[in-house]
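Participant: One structure, as structure tokens, below. Some questions next.
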Amino acid sequence: MSGRVLLVGAGPGDAGLLTIRGLRALEAADVIVADRLGARSVLDGLAAEGVELAAEVVDVGKLPGHHAVPQDAINELLVTLARDGKRVVRLKGGDPYVFGRGGEELAYCRERGIDVEVVPGITSAVSVPAIAGIPLTHRGLATTFTVVTGHDQIQALGGGRDHTVVLLMGIGTLANSAITLARGERGGECPVAIVEDGYGPRQRVTIGTLDTIAHQAAVRGVRSPAVVVVGDVVRLSPYAPAELATSAFAAPPAID
């Protein structure tokens, strides 16, 4: 008998933000193949709340620049476990389809005849800025947002301060990203926020501008995991200094 695989989004790392469907999948699993970011802290959080999971947990956690288990090996592990008749949960931080390689894992399993289901999670691209009081869109300030990864240096990204940019996995290339984004319509005075370890014990917010943020991050010793937000919506954060802050209740500009 062949088992099945569920790709479950763990959210940003707070067990309270795991979906009910995701929790039910964990409770029914024989094996949980877990990431480091988000996934492991959710499992720890559930245990602290008295939720007992019978499944074996296989840790395939990844550190920045170092993969404990290569992606090809993870793909094959999922297939092997399912062919052994196991109900497998692949627990991934955030959402499986937002820079989570969930599409690759789904395709690999389906090409080999394995039944796969995807259970969405709350991506850190939205939830981590939210905990710092930063909406990605706000009437009169921003109507568009783009989520990019900092693993590769940003070459060009159009738009002005009303086009919010969310940078994931971007601390290592922060200086280059800030310089590149400042060259366009945003300019060097565009507000920037870094939210470290969102929902975790090291949670911290650093706010500056594209001209200053790399220096501020170096001085404060900013570390991954962190989410970077660029745009005028940063001004709405209660952590924003007075020179950047704006009223959340300011009337939007008139539209002719």
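Participant: Over segment 112-152, with every protein chain in place, what whole percent of the accessible area is carbon and sulfur at 1.4 Å, could you tell me?
Facilitator: 56 percent
Participant: Next question. How much accessible area per residue does the chain have, in Å², with a 1.4 Å probe?
Facilitator: 48 Å²
Participant: What is the sum of charges around D95, taking Lys and Arg as +1, Asp and Glu as -1, for the other residues whose C-beta is under 14 Å from the C-beta of D95?
Facilitator: Residues close to D95 contribute a combined charge of +2.
Participant: Net charge around H163, counting only other residues with Cβ within less than 9 Å of its Cβ (Lys, Arg = +1; Asp, Glu = -1)?
Facilitator: Local net charge: 0.
Participant: Express the Stokes-Einstein translational diffusion coefficient of segment 97-256 in µm² s⁻¹, to the nearest whole number, given a Kirkwood radius over alpha-carbon pairs, 37 °C and a viscosity of 0.692 mPa s.
Facilitator: Reported coefficient: 198 µm²/s.
Participant: Report the antiparallel proportion of the DSSP beta bridges in the chain as a percent, rounded to a multiple of 5.
Facilitator: 45 percent
Participant: Quick check on segment 13-101: take the gyration tensor over C-alpha atoms, sort the square-rooted eigenvalues as a ≥ b ≥ c, and tell me if it's rounded (a/c under 1.5), prolate or oblate.
Facilitator: oblate
Participant: Percent of Cα-Cα pairs more than 21 Å apart in segment 127-202, please.
Facilitator: 26 percent
Participant: Next question. What distance in nm separates the simple spin-label points at V69 and I179, each placed 7 Å from Cα in the Cβ direction?
Facilitator: Between V69 and I179, the simple spin-label model gives 3.9 nm.
Participant: Return the distance in nm (one decimal) between the two label points of a simple spin-label model at R220 and R4, each offset 7 Å from Cα along Cα→Cβ.
Facilitator: 4.5 nm
Participant: For segment 106-122, in order, what is each residue's ³J(HN,Hα) by Karplus, 6.51 cos²θ - 1.76 cosθ + 1.60 with θ = phi - 60°, in whole Hz (x at glycine and Pro)?
Facilitator: Ordered by residue, 3J(HN,Hα) equals 4, 4, 4, 5, 5, 4, 10, x, 8, 6, 10, 10, 10, 10, x, x, 7 Hz.
Participant: In terms of modelled amide H atoms, which long-range or inter-chain residues lie less than 5 Å from the amide H of R204?
Facilitator: E196
Participant: Counting Lys and Arg as +1 and Asp and Glu as -1, what is the net charge of the other residues whose Cβ lies under 12 Å from the Cβ of A226?
Facilitator: After counting each charged neighbour, the total is +2.
Participant: Quantify, in whole percent, the carbon and sulfur part of the accessible surface of segment 1-47 (1.4 Å probe; protein heavy atoms only).
Facilitator: 56 percent
The values are calculated or read from the model by the stated rules, or taken from the named source; none is laboratory data. Predicted model only: the values in this text are computed from it and were never measured. Ideal geometry is used to build each Cβ from the backbone, glycine not excepted, and the neighbour counts take in all protein chains shown. Surface accessibility is based on the protein's heavy atoms, side chains included, excluding ligands, DNA and RNA. Shrake-Rupley method; radii C 1.70, N 1.55, O 1.52, S 1.80 Å.
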